[in-house]
1. Yes or no: the range 32-48 includes at least one residue that is modelled with pLDDT of 95 or more, within 19 Å of Pro65 (Cβ to Cβ) and touching a helix residue (DSSP H, G or I) at 6+ places or on another chain (Cβ under 9 Å).
2. Check Arg36, Arg67 and return the single one that is touching a residue at least 12 places away in the same chain (Cβ under 8 Å), open to solvent by 30 Å² or more (accessible area, probe 1.4 Å) and more than 17 Å from the chain's Cα centre (by Cα).
3. Which numbered condition trips up Ala144, out of (1) in contact (Cβ under 8 Å) with a residue 24 or more places away in the chain; (2) assigned to a helix (DSSP H, G or I)?
4. When the residues of the range 1-33 are narrowed to those that are farther than 16 Å from Val146 by Cβ, within 13 Å of the chain's Cα centre (by Cα) and not polar (S, T, N, Q), which ends up surrounded by the most Cβ atoms within 10 Å (Cβ to Cβ)?
5. Quick check on this structure: which one of Leu61, Leu54 is closer than 24 Å to Arg126 by Cβ, crowded, with 18+ Cβ neighbours inside 10 Å and touching a residue at least 60 places away in the same chain (Cβ under 8 Å)?
6. Do you know which of the residues in the range 120-135 that are open to solvent by 80 Å² or more (accessible area, probe 1.4 Å) and free of Cβ contacts under 8 Å to residues at least 40 places away in the same chain is farthest from the chain's Cα centre (by Cα)?
7. Can you pull out every residue in the range 142-155 that is under 14 Å from Ile47 (Cα atoms) and surrounded by 13 or more Cβ atoms within 10 Å (Cβ to Cβ)?
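The values are calculated or read from the model by the stated rules, or taken from the named source; none is laboratory data. Note that the structure is a prediction, hence the values are computed from the model and not measured. Every residue, glycine as well, gets a Cβ built from its backbone with ideal geometry; the counts of neighbours run over all protein chains shown. Remember, those area values only see protein heavy atoms, side chains included, never the ligands or the DNA or RNA. Shrake-Rupley method; radii C 1.70, N 1.55, O 1.52, S 1.80 Å.
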Amino acid sequence: MHRDALRIYLNDHLSGATSGAELARRIARVHGSSPRAAELRRLAEDIAEDRSTLLEVMGTLGIAPHRYKVCAGWATEKAARLKPNGRVLRRAGLSTIVELETLRMGIQGKYMLWRALTPVVRETGRIEAARLDELAERAKSQMAVVENLHLTAADTALRQGRA
């Protein structure tokens, strides 16, 4: 195991996990009165829990989190809100589509993280590989939820014209 590569890799994922957790919370908050609000809240909670699990994995492997990368992940999510969306003072349905696409990519990255760590945990013996399998399956389930939400949002914004 190459410690420097592992440290950088895990901290990069922690930055992404921070951004993803913030984005998921914001999506859930913005759509708090929608028929899918409970599903969005649960997804946000799961993604935040996965971030905590990543921190636990890092601790178990003796990898310290880098605060500047956590701050960068937080700031990246906030800066992404500034993108033009065709509206000046209110949210556009297109924003939801792009946010869900971004969230889906982040979950895909998380899935790949859990898969990439499998040989590392086998080498160290400090984490059960079965735990990573569970986390990867959870990520696959989250991707399916986001894809379904995305299709609904795309239909509303693109086909029905409520952008």
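1. Looking through the range 32-48, at least one residue is modelled with pLDDT of 95 or more, within 19 Å of Pro65 (Cβ to Cβ) and touching a helix residue (DSSP H, G or I) at 6+ places or on another chain (Cβ under 9 Å).
2. Of Arg36, Arg67, the one residue that is touching a residue at least 12 places away in the same chain (Cβ under 8 Å), open to solvent by 30 Å² or more (accessible area, probe 1.4 Å) and more than 17 Å from the chain's Cα centre (by Cα) is Arg36.
3. The one condition Ala144 does not meet is (1).
4. Taking the candidates together, the pick is His13.
5. Checking each option against the conditions leaves just Leu61.
6. For the range 120-135, the residue satisfying everything is Arg122.
7. Listed by number, the residues that qualify are Gln142, Met143, Val145, Val146.
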